[in-house]
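What follows is a short report on a single structure.
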Amino acid sequence: MTSSIKGIGIANGGGDCPGLNAVIRGAVRAAILRHGWKVVGILDGFDGLIWPEKTIPLTVDRIAGILPRGGTILGSRSRGDPFHHTTDQGCAVTQEDFLTCRRTMEKLEIDALVVIGGDGTQTLARDLGRLGIPVVGVPKTIDNDLKATEVTFGFDTALHVATDAIDRLHTTAESHGRVMVIEVMGRDAGWIALHSGIAGGADVILIPEIPFTIENVCSRLRNRAATGKKFSIVVVAEGAKLPPADPFGNPFPTPRPGQVGILVGEAIRESLKQDVRTTVLGHIQRGGSPSPFDRILSTRFGVEAVELIARGEYGRMVCLRAGEIESVPIEDAVGEVRLVDPNGSMVRTAKAVGIIFGDEP
Ligand code: F6P
């Protein structure tokens, strides 16, 4: 099939993520070197689709050296996309937005869009597609919680950072006989906590998918101490759901981002009357150079997104299944996150090696 495409735009939305630049590089190189298309970078989320001056030409020279770089050369927005109108259905792309985007795309001489992002960004991509903009998606998030793909790029790098942090905390925990609590990201899903907790040899992992009590956590820590293990490592997912009250019956406040680990740490300290230190790892997990796995996955995703456009397969998002790059309708990929299965093999493996999740002592 001969493609009528002359130019494409690349946009990314949501939080930055290691591997974003590698996707951009993969797509730009495939589009230019393989297909001879022109490529335009849409800056700051979808802003460049509304304001054409917020775009840059992406040439092979312009993207040289970005493969190992964290962040995104396009800039991004976590919130406040230009389509943020309040409708009965919430945020939506309107007919007026569509006409503006169309005009901008004509002005920039781009025929189709590659949209890189998580659930929120892919939902906007779906809406643009529904209104008639030729669009393909690339899934992105360190949280690894998109249901249509086995892995999202960025997760592996975040996992390395979190595991390294747990290793480092181990040495202090051991030297000082302390309980060390570490809060990791993941939004509503416990993937980073579960994987890094197993990889880092944690004693307790608390995730949103498994309700826990502080009593159960402390009972495990007491048992460890009783058998001569003077230190413990507790990994807490930022989305872990605090029980209604601490062991003294005091209700927990509704935590702000980055507070769950601190509240868990305080409750353990009060309960055990032991030295506890808490580390909130935060955005360090999103920063820095992508791992080799993420660089390769990002490159494969970027290249396949371009091939979807070349084949005219719009409205689809690339994904990884059994090690192969495939694609699914964006419609099927959004609106529902992939959570940890409390009875799944990863949790069972963790339990088999003695890690507890606070649902039992
Ligand atoms: O989705 C990625 C993520 O890093 C989550 O793990 C975290 O909850 C959120 O983004 C933080 O967003 P922001 O950078 O807007 O604070």
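The values are calculated or read from the model by the stated rules, or taken from the named source; none is laboratory data. Every value quoted in this text rests on a predicted model; they were computed, and no experiment measured them. Neighbour counts are summed over all protein chains in view; Cβ atoms, including those assigned to glycine, are modelled from backbone coordinates with ideal geometry. Heavy atoms of the whole protein, side chains included, go into the accessibility calculation; ligands, DNA and RNA do not. Shrake-Rupley method; radii C 1.70, N 1.55, O 1.52, S 1.80 Å.
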Report whether or not Gly132 is under 23 Å from Arg311 (Cβ atoms) and in the same structural domain as Asn144 (by TED's automatic domain parsing). yes
Is it true that Gly15 is touching a helix residue (DSSP H, G or I) at 6+ places or on another chain (Cβ under 9 Å) and within 16 Å of the ligand (Cβ to nearest atom)? yes
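Return the total of residues in region 235-282 being in a helix (DSSP H, G or I) and within 14 Å of the ligand (Cβ to nearest atom).
3
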Residues in region 48-69: is at least one surrounded by 24 or more Cβ atoms within 10 Å (Cβ to Cβ) and within 16 Å of the ligand (Cβ to nearest atom)? no
Condition set closer than 21 Å to Ser4 by Cβ and assigned to a helix (DSSP H, G or I), scope region 30-47, selection most open to solvent (accessible area, probe 1.4 Å): answer is Arg34
It is to be established whether one or more residues within region 331-354 are under 23 Å from the mean Cα position of the chain (by Cα), more than 21 Å from Leu194 (Cβ to Cβ) and of a type in the set (D, E, K, R). yes
If you take the residues of region 129-145 that are modelled with pLDDT of 95 or more and among the aliphatic types (A, V, I, L, M), which of them is farthest from the ligand (Cβ to nearest atom)? Ile133
Restricting to region 3-29, name every residue that is open to solvent by 10 Å² or more (accessible area, probe 1.4 Å) and under 19 Å from Ser298 (Cβ atoms). Gly14, Gly15, Asp16, Arg25, Arg29
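Closer than 28 Å to Thr94 by Cα, within 14 Å of the ligand (Cβ to nearest atom) and either part of a helix (DSSP H, G or I) or within 21 Å of the chain's Cα centre (by Cα) (or both): does that describe Thr121? Step through it out loud before you land on a result.
On the way: closer than 28 Å to Thr94 by Cα: yes; within 14 Å of the ligand (Cβ to nearest atom): yes; either part of a helix (DSSP H, G or I) or within 21 Å of the chain's Cα centre (by Cα) (or both): yes.
It is true that Thr121 is closer than 28 Å to Thr94 by Cα, within 14 Å of the ligand (Cβ to nearest atom) and either part of a helix (DSSP H, G or I) or within 21 Å of the chain's Cα centre (by Cα) (or both).
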Among the numbered criteria (1) within 18 Å of Asn12 (Cα to Cα); (2) within 20 Å of the chain's Cα centre (by Cα), which one does Gly315 miss? (2)
Quick one: in region 299-322, which of the residues that are over 21 Å from Asp143 (Cβ atoms) and of a type in the set (Gly, Ala, Ser) is least open to solvent (accessible area, probe 1.4 Å)? Ala310
Of the residues in region 305-350, those that are among the charged types (D, E, K, R), part of a helix (DSSP H, G or I) and not assigned by TED's automatic domain parsing to the domain that holds Lys6 number 3
Spot the failing condition for Ile116; the list is (1) away from the ligand (no atom under 14 Å from the Cβ); (2) open to solvent by less than 20 Å² (accessible area, probe 1.4 Å), and only one is missed. (1)
Scanning region 250-284 residue by residue, those at pLDDT 95 or above and small (Gly, Ala, Ser) turn out to be Gly261, Gly265, Ala267, Ser271, Gly282
Matching residues in region 283-341 - criterion: being within 16 Å of the ligand (Cβ to nearest atom), of a type in the set (Val, Ile, Thr) and in contact with a Ser or Thr (Cβ under 6 Å, 6 or more places away or on another chain): Val334
In this structure, does Thr172 turn out to be out of contact with any helix residue (DSSP H, G or I) (no Cβ under 7 Å at 6 or more places or on another chain) and away from the ligand (no atom under 16 Å from the Cβ)? yes
Scan region 175-186 for residues that are over 22 Å from Phe293 (Cα atoms) and within 15 Å of the ligand (Cβ to nearest atom) and report the count. 2
Select from region 323-342 the residues that are crowded, with 22+ Cβ neighbours inside 10 Å and either more than 21 Å from Leu113 (Cα to Cα) or in contact with an Asp or Glu (Cβ under 6 Å, 6 or more places away or on another chain) (or both) and list them in ascending order. Val334, Val340
